[in-house]
Structures are given as C-alpha cells and as structure tokens.
Amino acid sequence: MTWETVIGLEVHVQLSTKTKLFSGASTSFGSEPNTQVDLIDLGLPGVLPVANKEAFYKAIRFGLATNAEINQVSMFDRKNYFYPDLPKGYQITQMEKPIVGKGSIVINVDGSEKLINITRAHLEEDAGKSIHDLFDGETGIDLNRAGTPLLEIVSEPEISNAKEAVAYFKAIHQLVTFLDICDGNMSQGSMRCDVNVSVKKVDDAILGTRAEIKNINSFKFIERAIHFEVARQIKLLEKGESIVQETRLYDSVKNETRSMRSKEAANDYRYFPEPDLLPVVISDNELEEIKSTLPELPKQKEIRFVNEHNLEESEAKILASSKAMANLFEDASEKTKDSSLIAKWLVGDVSALLNKDNISIEESKLSSINFAKLIERISDNTISGKIAKSVLEEVWISGNDIDAIIEEKGLVQIQDESVLEDIAKKIIDANPDQVNAYKGGKDRLFGFFVGQVMKETQGKANPQGVNKILKKLLNS
Amino acid sequence: MSIQFKTIKELSSMLRSKEISNHELTKETFNLIESYKHLNAFITLNKERALIKASELDKNSSELSLSGIPIAQKDLFVTKDLRTTCGSNMLSNFIPPYSATVIENLEAAGCISIGKTNMDEFAMGSSNETSFYGNVLNPWGQNLVPGGSSGGSAAAVAAGIVSAATGTDTGGSIRQPASLCGITGIKPTYGRISRWGMVAFASSLDQAGPMARTAEDCAILMNEMCSHDPKDTTSLDEDVPDFTKGIDAPIKGLKIGIVKEFDLSKLDSNVVKVFEDSKKHYESLGVEFVEVSLPNINLSVPTYYVVAPAECSSNLSRFDGVRYGNRCDDPKDLEDLYIRSRSEGFGDEVKRRILIGSYVLSAGFYDAYYKKAQQVRRLIKNDFDNAFEKVDLIMSPTTRGAAFEAGSMSDPIEMYLEDLFTVPANLAGLPGISIPNGHVDNKPLGLQLIANSLQESLLFNVAHNFQMTTDWHLKTPSLEAK
C-alpha cells in the first residue's frame with residue numbers, strides 16, 4: 001500500500017522590534033531573568049496594552065514579499081488559558097482578522113521549485129519561560145520574553161515530505177532575514193515551528209487525522225521529527241489502528257515524538273475580540289512607504305548577480321541564498337573586480353567550511369571586511385591561492401585580521417624574480433638526474449621542479465613566476 | 001466651623017479666604033471619617049501622606065482648581081504605594097507600584113487623596129454587599145444599602161465626609177448609588193477618561209466618573225479627570241472642554257425624549273410621581289418632552305449580563321496566585337495553586353460571573369451568546385442614534401426605586417434588574433448623569449439624563465438648571481456620629 005504524507009507548518013518568527021508588542025520593555029536576548037519586564041508584561045491590575053506599530057510594519061514587509069493580501073484593518077483577539085508564564089491568563093493574538101492574509105512562497109528541493117501557499121500570518125505576543133531545573137521542587141518564571149512580538153506564519157497543508165518541510169522552513173528563514181524583520185537566530189529561539197503531520201492512502205480524497213508536533217527549532221529536528229512521525233502513523237494504520245488527533249512533543253535525544261495532550265484534553269481557548277485594543281488601521285500611505293523600502297529579495301538578487309557579475313546561475317543561487325552570504329559577495333566586489341574569483345571562494349571553500357561546521361555565516365567568525373581583504377590579497381598577488389586556503393582556515397578558527405595573519409606567519413608571496421631564480425637554480429643543481437630526464441623528453445617532470453620550489457619557499461612562491469623562471473632555466 | 005456637606009466650590013472659597021487651612025480641612029475630614037466609621041465607607045486611609053500634602057499646600061499655596069480638596073478614591077483605582085483591594089480578598093495585600101491616570105490627573109490638580117472607598121468586589125454588585133470588607137451603610141437610613149458598586153464613594157459624599165469622590169460605572173455603578181444616596185454622579189462617554197490603572201471588570205463598558213453633591217462640582221472634577229491618554233488606546237483623542245462653561249445657560253426649547261419601551265407602570269406609584277414631578281419641573285423651564293422609541297432597549301440587561309461577565313472572566317484570569325494577590329498556602333501542584341488561590345480570593349458573585357462569562361465564550365456557545373449579544377449591543381446603539389436625531393437628551397428614573405434593606409435581595413437575577421435603566425448607556429458608550437430629584441419614604445431618588453456621545457456639557461447644563469431651581473440635592477440625611 002502506498003501512503004502519502006501531508007504536512008502543514010506553523011512558523012513562529014520573533015520580530016526584531018526594539019520593544020515588545022504591547023509594552024515599552026526591551027526585547028533583547030540573554031538578560032538577567034525578569035529585568036526586561038514592565039508593568040504591562042507583568043500583567044498587573046489596571047494595565048493596558050498599546051500595539052507596537054513597528055511590529056505591524058515588519059509583518060507587512062513579510063506579507064508584501066509573499067504576495068499576500070494585507071489587511072489594512074486588523075484586530076486582536078484574546079486566547080484564554082492558564083499558565084504561569086502567561087501573566088494575564090490570556091495571550092493577545094489575531095484570530096479573526098490577521099494583518100497578513102493569503103500569500104505564497106517558492107521552495108527549492110533538489111533543484112526543482114514548488115509553490116507553497118500561505119494561509120495567513122498573524123501577530124501575537126510570546127509567553128515567558130518556565131524554568132523547571134533551577135530550583136528544587138519549584139518552577140522559576142522568567143518574563144523577559146513575555147510580550148515579544150511573534151509573526152505566526154501558517155502554511156496550507158501542501159508540503160509532501162520532510163525534505164520539503166525543511167526547504168519551506170529554510171525559505172521562510174531566508175526571507176525574514178533578507179527582510180530584516182527577524183535575526184534568524186535559531187539557537188536563541190528566534191524561529192520555531194509547529195508541524196502538522198498526517199498520512200493518507202494515495203487515492204483517498206480526505207486528509208488523515210493529524211498530529212501536531214510542537215515547538216521545533218532546528219532544520220535537522222524538523223526532518224527527524226517528521227520521519228519519525230510519518231513512520232509511527234503508517235505503522236499504526238497498517239495495524240488497523242487509528243490516529244489520535246493530539247499535540248506531540250519531539251524529543252531530540254531519543255529521536256521520537258511523544259503525546260503531550262489529546263484533543264479531548266485540549267484547552268477551550270474561549271477566543272473573543274480584545275476589548276482593550278482598537279482595530280489597527282494601516283493607511284495607504286503607510287503601505288506605500290513600506291512597499292518602497294522593501295529590500296531586494298533573494299530571487300531578484302540572484303538575477304542581478306548573473307546579469308551584473310556574469311556569474312553562473314548555480315553560483316548566483318548560492319550567493320543569494322542568505323543575506324550574510326550576499327553581503328560577503330557584494331562587499332568583496334567593491335574591493336576587487338574579479339567577481340568570479342569571489343564567487344569561486346564563497347561557493348567553494350567558504351561553503352565547505354560552513355557545511356563542515358553546520359553553521360550559518362552569521363554564526364561564523366568570518367567578517368565581511370576580512371573576507372574582502374582575503375580576496376584582495378589573492379588578487380593583488382600578496383598570497384597564493386594555496387596560502388589563502390590556509391589563511392581562511394586560520395581566520396575561521398581565530399577570527400583574526402587577514403593582514404595580521406599574513407604578516408605574522410610571513411606568508412607574503414615571493415614575487416621577486418631574482419629571489420625565485422636563485423632558489424630555482426639551487427633546485428636544478430641539486431637534481432641533475434631529473435634535469436637530464438626532463439631534457440630527455442620527460443615533460444611531466446616539470447611539475448616536480450615546481451613542487452620543489454614551492455616546498456623550499458613553504459608555498460610562498462608566486463606560481464606564475466616559478467613557471468616562467470623554471471621554463472627559462474630548464475629549456476636553455 | 002463645620003466642613004460637613006460642603007461642596008468643592010464652597011471649600012475652595014473657604015481655603016482661598018483662609019477661613020480654614022489646608023491642614024485643618026484634611027484633618028477635619030479624617031475626623032468625619034472617624035465619626036461615621038460605622039458606615040464602613042472606607043477600606044484604606046491615606047492619612048499620613050494626605051496631611052503632609054495639606055501642610056505643604058499651606059506653605060506653598062497653589063492656584064490649582066482642586067487645591068487642598070480632600071477626595072475619596074474608589075478602591076478600584078490603583079494608587080502607588082497605597083493598598084488597592086478592589087473590594088476583594090484577592091488583593092487584600094496588594095500595594096501597587098503605580099497610580100491610575102485618573103488619580104495622577106486629580107492629584108496634579110491639587111486634590112488630596114484621603115483614602116480608598118469600599119465597593120462591591122471587583123465592582124460586581126448593585127448594593128455593596130459583595131465587598132470582602134463588609135457592607136457599606138447608606139447614610140439615609142438604618143440598614144439601607146448605598147447601591148453599588150461605587151457604594152463607599154456615594155456614602156462618603158452623602159454623609160458629607162467629602163465633597164467629592166471618584167467612581168466607576170460599568171452598568172450603573174456611579175449613577176445607581178448616586179441615586180440611592182441622593183447625590184450627583186456622571187458616567188462620561190466611553191473613552192473620555194483613561195482606564196489606565198483602573199482594575200478592569202468589563203473593558204468595553206468600564207468608565208470612570210466623578211460623584212459629588214452638585215452637577216457643577218462634577219463638572220469641575222471632570223475638567224481634571226479627562227485626558228487623552230496614550231497608555232489607553234481606547235481613550236478618545238478629543239479636546240477636553242471646560243465643562244463648567246455655559247453650565248447655567250437657559251435650557252428653554254430643549255427636547256428631551258421619554259423612552260416608550262420603559263414601562264413605568266410596573267414601578268411604585270410614588271416613584272413614578274417623583275419622576276412625573278421632575279418632568280413638570282423641566283417643562284416649567286421650557287423643556288419639551290417627546291416620546292422616543294428604543295425598540296431593543298429591553299434587551300439591555302440580558303445583553304449586558306453576557307458581555308460583562310465574558311470580559312470579566314478573561315480580565316480576572318491574571319489573579320492566579322503567581323505574581324501578586326492571594327496565594328494559597330503550600331500548593332501541592334500548579335492546579336492546586338490555581339484552584340485554591342482563586343477559590344479563597346474571590347467571593348461568590350465574582351465566581352458566578354466568571355462562570356457565566358466562561359460559559360458564554362466557550363466553544364459551541366460563543367455564537368449563540370457572546371456574538372449575539374454584541375450584535376444586539378450594536379442594535380441598541382443604533383436605537384440611540386436614531387433617537388438623538390429627534391431629541392437632545394433622554395430621561396428616565398435612574399433606578400426602579402429607592403434604597404432597599406441589606407440582605408433583602410437574595411435573588412441575583414432580581415439584583416441584576418437594578419441596572420435596568422442604567423446599562424443601556426454603558427452598552428452604547430453614552431454619557432449619563434444621575435441627579436437627586438425627590439424622596440420616597442424619606443429616601444432619595446435619582447433622575448437619569450442620557451446624552452449623545454461627548455455631550456457631557458449639555459448634561460451638566462441641564463442638571464445644573466434643575467439644581468438651580470430645586471433643592472433635592474441640598475437635602476442631607478440626619479446622621480448620628482457613632
């Protein structure tokens with residue numbers, strides 16, 4: 001029997017506003033517990049929320065970039081439930097009239113594109129954090145995160161497998177960082193998602209019963225959780241059992257999903273319109289202003305890179321894949337005209353190092369200034385490509401200044417032809433047998449001499465210079 | 001010299017002429033509070049700070065409009081560093097770290113907050129019997145309720161302890177006790193006065209307002225209480241007029257509507273007579289009465305008792321024992337913490353409304369109750385809009401009758417009907433004033449006037465005309481100090 005998987009994602013994006021969605025408290029990450037909390041975040045008696053327009057502007061940027069309907073009049077609702085890290089006993093969210101309506105995003109899986117429709121994207125406030133392991137027998141509450149603006153992006157159930165789900169999540173990640181509405185920092189929880197998974201027989205018209213896996217915050221875990229969940233559901237169905245509609249938790253240590261609560265035990269959230277906030281109205285002028293300041297998006301960048309810099313399409317795609325990568329390329333382009341050299345390094349060595357460490361550019365120690373300098377030193381012949389490789393590895397670990405590394409390790413390329421000639425003569429004198437063999441027609445031995453010169457100079461000899469001099473000496 | 005039963009205007013002039021010092025006035029106010037302690041009008045006093053502020057005013061006199069005037073604050077407004085209980089055991093130890101905008105506005109105008117007045121728990125009640133801190137007595141009789149929820153404020157003004165007090169009105173909580181205690185109280189247009197720092201009962205209905213002996217004093221207080229507050233997005237971005245301006249202009253030619261659907265024949269004939277006498281009095285001032293139809297007005301009470309509990313069930317969720325307020329001893333687990341903290345903290349009426357509110361919002365019932373109630377609310381507002389095309393004001397009795405005895409109304413539904421004449425103005429967001437207009441069995445009654453949005457000046461004008469030509473607002477109860 002063939003099974004078909006149906007997946008929908010709810011992605012929670014923390015918007016990078018300076019202050020919270022309904023209060024003036026700061027949103028920055030990593031402060032002492034309960035230091036970024038004001039009267040409103042504490043939910044004191046008598047306080048009232050005031051909506052942060054900046055959050056709306058950021059949400060609208062996302063809407064415009066996904067060709068979505070923008071609701072110029074949007075409203076807030078209350079979602080009522082008790083939890084210690086939810087100070088008011090309700091979360092302010094947008095149920096009936098979200099700021100962003102239907103839109104879509106293109107994902108890329110193994111080189112082919114697929115359009116995923118987005119149902120809606122709405123603003124809501126984040127909850128605080130419950131800390132269970134710090135106090136014996138008690139739970140600590142940190143409200144620093146409470147009230148941080150979230151954009152919840154809900155996809156249609158049009159995602160067919162784990163790979164597509166990851167591609168979708170990556171596409172959202174790419175877009176929100178390009179739009180500068182989220183820092184994209186997954187380890188700090190800036191992006192998290194709930195995954196709705198169901199399976200059905202290929203020919204079935206109706207969807208199967210779904211399980212919702214809550215709060216996953218890495219590409220890897222999304223993939224693993226879906227694989228596990230799909231297998232679990234198919235196994236149950238093949239045994240003739242049925243799927244329970246429920247919320248499940250992904251345990252990354254055991255690599256499994258576990259039931260959190262069933263639909264029967266689920267909260268009745270008693271949604272109703274938030275009476276403390278008037279509908280938020282976005283004027284035509286505001287909308288136009290946001291449209292006009294929308295940055296270049298990945299696809300546009302890709303096309304421009306091909307046109308302006310004569311790059312291969314495949315190269316341009318990688319360079320435009322993240323804002324940080326594109327910045328490295330563009331900053332370096334200002335220092336040197338050799339675009340294909342820059343592209344070669346980014347697509348090749350830099351990408352390889354990123355993949356090896358499984359990190360993003362932002363998380364690496366390679367700054368755009370340093371990378372531009374590296375390219376500059378290659379193209380002005382200060383260092384050879386081979387040396388550059390080791391310099392890059394050094395920077396990758398230390399983050400030190402490129403010039404300082406070259407200087408400190410004495411890696412400057414030897415270009416002085418008289419110096420190179422002296423070394424070449426020494427090598428030729430020391431290897432009479434090879435010289436004779438070469439002169440006797442063994443052309444391949446030329447490489448041996450080049451290698452010896454490089455060895456002697458610890459790789460610092462300018463390769464073109466070495467070639468020229470060796471040819472002159474050996475062919476004379 | 002006695003300060004009892006004086007108005008703001010009178011006290012201000014006494015202070016200005018140095019007939020009395022600020023300190024003496026405040027001190028005498030606390031003496032009156034002590035003398036009439038049995039009324040139980042106050043929950044918490046602010047004696048030390050009040051006397052210090054009064055002394056400072058004696059040293060540096062000010063020209064502020066409320067300079068040196070002692071004012072009683074309803075215990076629903078949070079007051080920085082001064083306990084705010086909202087009439088509930090839940091907040092019996094709650095010391096707020098900030099003050100309500102209303103309190104800040106009034107204090108900035110020079111008033112002296114002398115203490116926090118008793119009230120129905122979380123403003124839920126019409127008789128002040130739901131307060132955790134005990135009943136408030138109506139100065140007008142033995143064992144009579146003062147009305148509610150602003151019963152402590154009404155009783156304090158009626159007993160002449162203070163010239164003015166703040167109140168809040170969600171379904172009549174200023175106007176009904178004003179009526180039952182024989183004083184003047186106004187619920188302004190929704191959004192006129194900031195709700196920042198008012199412990200929320202029903203957010204879309206709650207509105208603060210002044211309670212005093214005269215309409216003119218209410219206007220003086222309103223001048224200071226109103227402001228556009230960026231901290232409350234529902235507060236109106238409207239200019240605040242001088243409400244005392246033109247207050248004594250003649251009202252000849254004004255059209256006042258009498259609601260066809262209010263069936264007064266069901267009321268006590270003496271109550272009806274008082275109302276009819278007021279009509280005649282206004283006619284003598286040149287007012288023309290017109291019958292208006294508000295076809296949906298009789299759905300007001302059921303509509304109100306869906307919307308208000310729904311909002312209250314959500315607003316009161318924050319009292320969970322986690323951050324402030326009552327927390328039960330030794331909770332076993334989270335659920336136990338919630339259940340016991342809330343069960344101990346809330347009284348029966350509050351629990352009843354949380355239950356009703358949770359029910360009408362729950363999945364499967366939302367459309368039938370909450371959504372329907374909001375639709376009816378819209379219709380009621382439309383009815384008023386239509387009526388105000390024909391008339392300038394709408395007039396009715398404030399209450400179905402005079403003050404009743406404590407403990408005499410045990411059926412909650414019967415109690416809810418106390419709000420019959422007052423809730424429509426809350427549902428429609430309109431300003432309404434209650435002024436004393438007669439007595440039945442030596443107990444005061446009130447007359448309610450409702451105006452179109454932002455027409456408070458007209459209400460003051462019409463009420464002041466009545467008070468310039470009648471003396472019901474000057475009558476005082478015969479009180480014995482205990």
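The values are calculated or read from the model by the stated rules, or taken from the named source; none is laboratory data. Every value quoted in this text rests on a predicted model; they were computed, and no experiment measured them. We place every Cβ from the backbone using ideal geometry, glycine too, and count neighbours over all the protein chains shown. What goes into the accessible areas is simple: the full protein's heavy atoms, side chains included, and nothing from ligands, DNA or RNA. Shrake-Rupley method; radii C 1.70, N 1.55, O 1.52, S 1.80 Å.
Okay, here's what the table says:
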{"quantity": "Beta bridge orientation in the protein assembly as shown: antiparallel %, DSSP, nearest 5", "calculated": "80 percent"}
{"quantity": "Between the stretch B:83-122 and the stretch A:283-309, the Cα center-to-center distance that results, in Å", "calculated": "53 Å"}
{"quantity": "On Cα atoms only, tilt of A:385-398 relative to the major axis of chain A in degrees", "calculated": "40 degrees"}
{"quantity": "Nearest-0.05 FRET efficiency for A:Leu287 and A:Asn358, computed from C-beta distance (R0 30 Å)", "calculated": "0.15"}
{"quantity": "Euclidean distance of C-alpha centroids, the stretch A:414-471 and the stretch B:349-404, integer Å", "calculated": "98 Å"}
{"quantity": "Rounded to whole Å, sorted largest first: equivalent-ellipsoid semi-axes of the stretch A:1-66, Cα gyration tensor", "calculated": "33, 17, 13"}
{"quantity": "Drop in accessible area of at least 50 Å² in the complex versus isolated chain, residues of the stretch B:308-326, 1.4 Å probe", "calculated": "B:Ser314, B:Ser317, B:Arg318, B:Arg323"}
{"quantity": "At least 20 Å² accessible surface lost relative to isolated chain, residues of the stretch B:216-241 (1.4 Å probe)", "calculated": "B:Lys231, B:Thr233, B:Thr234"}
{"quantity": "Chain B: antiparallel DSSP beta bridges as a percent of all, rounded to 5", "calculated": "65 percent"}
{"quantity": "Accessible surface of the stretch A:296-408 [probe 1.4 Å, protein heavy atoms]: carbon and sulfur percent", "calculated": "47 percent"}
{"quantity": "Gain on full stretching of the segment that runs from A:Ile234 to A:Ser187 - 0.36 nm per residue minus C-alpha separation", "calculated": "13.8 nm"}
{"quantity": "Global geometry of the stretch A:417-474, whether rounded, prolate or oblate, following the gyration tensor of its Cα atoms and the 1.5 cut on a/c", "calculated": "prolate"}
{"quantity": "Proximal lysines relative to B:Lys280, as straight alpha-carbon distance under 23 Å, when same-chain residues fewer than 8 apart are discounted", "calculated": "B:Lys252, B:Lys255, B:Lys260, B:Lys266, B:Lys390, B:Lys443, B:Lys475"}
{"quantity": "Percentage relative contact order, the stretch A:296-408, counting C-alpha pairs under 8 Å, at least six apart", "calculated": "22 percent"}
{"quantity": "Relative contact order of the stretch A:3-288, defined on C-alpha pairs under 8 angstrom at six or more residues apart (%)", "calculated": "24 percent"}
{"quantity": "Net charge of Cβ neighbours under 13 Å - reference A:Ser218; Lys, Arg +1; Asp, Glu -1", "calculated": "+2"}
{"quantity": "In the stretch A:157-239, lysine pairs with alpha-carbon atoms under 20 angstrom apart (chain gap of 8 or more, or interchain)", "calculated": "10"}
{"quantity": "Efficiency of FRET between A:Phe448 and A:Glu408 - r from beta-carbon atoms, R0 30 angstrom, step 0.05", "calculated": "0.45"}
{"quantity": "Environment charge at B:Asn138 (Cβ cut-off 11 Å; Lys +1, Arg +1, Asp -1, Glu -1)", "calculated": "0"}
{"quantity": "Overall form of the stretch A:227-335 per C-alpha gyration tensor (a/c, 1.5; a/b vs b/c)", "calculated": "oblate"}
{"quantity": "Loop-resident sites, the stretch A:186-242, for trypsin sites (Lys or Arg not before Pro), counting at most 16 other Cβ within 10 Å (DSSP)", "calculated": "A:Lys239"}
{"quantity": "Most positive-pole-ward Cα, A:Gln233, A:Thr93, B:Ala373, against dipole of the protein assembly as shown from beta carbon charges", "calculated": "A:Gln233"}
{"quantity": "Cβ crowding within 10 Å averaged over residues, with B:272-283, A:75-86 ranked highest first", "calculated": "A:75-86, B:272-283"}
{"quantity": "Tail fraction, Cα-Cα pairs, the protein assembly as shown, threshold 40 Å, whole percent", "calculated": "54 percent"}
{"quantity": "Solvent-accessible area buried by A and B, counting both chains, probe 1.4 angstrom, square angstrom", "calculated": "2800 Å²"}
{"quantity": "Accessible surface, per residue, of the stretch A:417-474 when the full set of protein chains is kept, probe 1.4 Å, Å²", "calculated": "59 Å²"}
{"quantity": "For B:Ser179, net neighbour charge (Lys/Arg +1, Asp/Glu -1) across residues whose Cβ lies under 15 Å away", "calculated": "+1"}
{"quantity": "Qualifying GluC sites (Glu not before Pro) for the stretch A:343-409 [loop in DSSP, other Cβ within 10 Å: at most 11]", "calculated": "none"}
{"quantity": "Sparsely packed trypsin sites (Lys or Arg not before Pro) within the stretch B:282-363, loop by DSSP, other Cβ within 10 Å at most 12", "calculated": "B:Lys332"}
{"quantity": "Accessible area per residue in Å² at 1.4 Å probe, computed on the stretch A:296-408", "calculated": "50 Å²"}
{"quantity": "Counting DSSP beta bridges with both ends in chain A, the antiparallel % (nearest 5)", "calculated": "90 percent"}
{"quantity": "Solvent-accessible area, 1.4 Å probe, carbon plus sulfur percent, for chain B", "calculated": "49 percent"}
{"quantity": "Shape call, the stretch B:32-103: gyration tensor on alpha carbons, a/c limit 1.5", "calculated": "oblate"}
{"quantity": "Solvent-accessible area lost in complex, 40 Å² minimum, residues of the stretch A:29-53 relative to chain alone, 1.4 Å", "calculated": "A:Leu39, A:Leu44, A:Pro45, A:Gly46, A:Leu48, A:Val50"}
{"quantity": "Å² of accessible area per residue within the stretch A:202-280, as computed with a 1.4 Å probe and no ligands counted", "calculated": "58 Å²"}
